[in-house]
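Here is the structure we will look at, set down as structure tokens.
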């Protein structure tokens, strides 16, 4: 079974005390939800969505920079497989109406208690469990799970030097990014992002040892437009900067 044992939660709340209370309530509920990120406004939350596998967002409405409703609209259009619960201190019908129109899972009035959080999570768990069971039983793309894995693996091998968005790739197969990651990890024992990084770093090693290309040029050829990010990623994977790796290999003390 590929259904998820733990659902990742992103909390979006600009009141520190409430944010910490929510995190504690979710942990104490012990219902298979884990808070993996917190944000103080919608704009900050969106940045996390590009890199984190989020299944559930719990967000306040009134926040600086970007409101909860603006975040909800963005998620509704760009990450339709992420469920959203909206918290509000206002019993405003227009807020609730807009939230539901943008497919909010729930619209909950503050104050938030442990009992209320348990009720919210139980409802969210039913929806999320159902979603992933259906995905497992019937892949919307018409491919088997193993075929989907093979397609993604081959695609990454052929296109690793290009900008790749896991969200877009998952949508093409009819999966959520989290579910696609679960499938890939089942067969490859690592996430698609880690596999992509391995492909890029392996090619970068070859270019560092066999060409005179600059570090910036090598980074661009393996999919990193930002030289600093390339060097940081390379160092994290190899334990040396690209320059150090090239220098040590030239002295015969490193393997390609």
Would you mind telling me which numbered condition in (1) over 15 Å from residue 60 (Cβ atoms); (2) surrounded by fewer than 17 Cβ atoms within 10 Å (Cβ to Cβ) residue 8 fails? (2)
Within the range 202-215, does at least one residue satisfy the condition of being under 18 Å from the mean Cα position of the chain (by Cα), buried (at least 20 other Cβ atoms within 10 Å of the Cβ) and in a helix (DSSP H, G or I)? no
Picking from 26, 58, which residue would you name as being at pLDDT 95 or above, assigned to a helix (DSSP H, G or I) and in contact with a helix residue (DSSP H, G or I) (Cβ under 8 Å, 6 or more places away or on another chain)? 26
Conditions first: (1) out of contact with any helix residue (DSSP H, G or I) (no Cβ under 6 Å at 6 or more places or on another chain); (2) under 28 Å from residue 191 (Cα atoms); (3) assigned to a loop (DSSP other than H, G, I, E, B). Residue 31 passes all but one, so which condition is the exception? (1)
Residue list for the range 34-81, restricted to those being under 18 Å from the mean Cα position of the chain (by Cα) and under 21 Å from residue 118 (Cβ atoms): 34, 35, 36, 38, 54, 55, 56, 57, 58, 59
Right, residue 157: part of a helix (DSSP H, G or I) and either under 15 Å from residue 199 (Cα atoms) or out of contact with any helix residue (DSSP H, G or I) (no Cβ under 9 Å at 6 or more places or on another chain) (or both) or not? yes
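The values are calculated or read from the model by the stated rules, or taken from the named source; none is laboratory data. Fair warning: this is a prediction, and the values are worked out from it, not measured in the lab. Cβ sites come from the backbone with ideal geometry, for glycine too, and all protein chains shown count toward neighbours.
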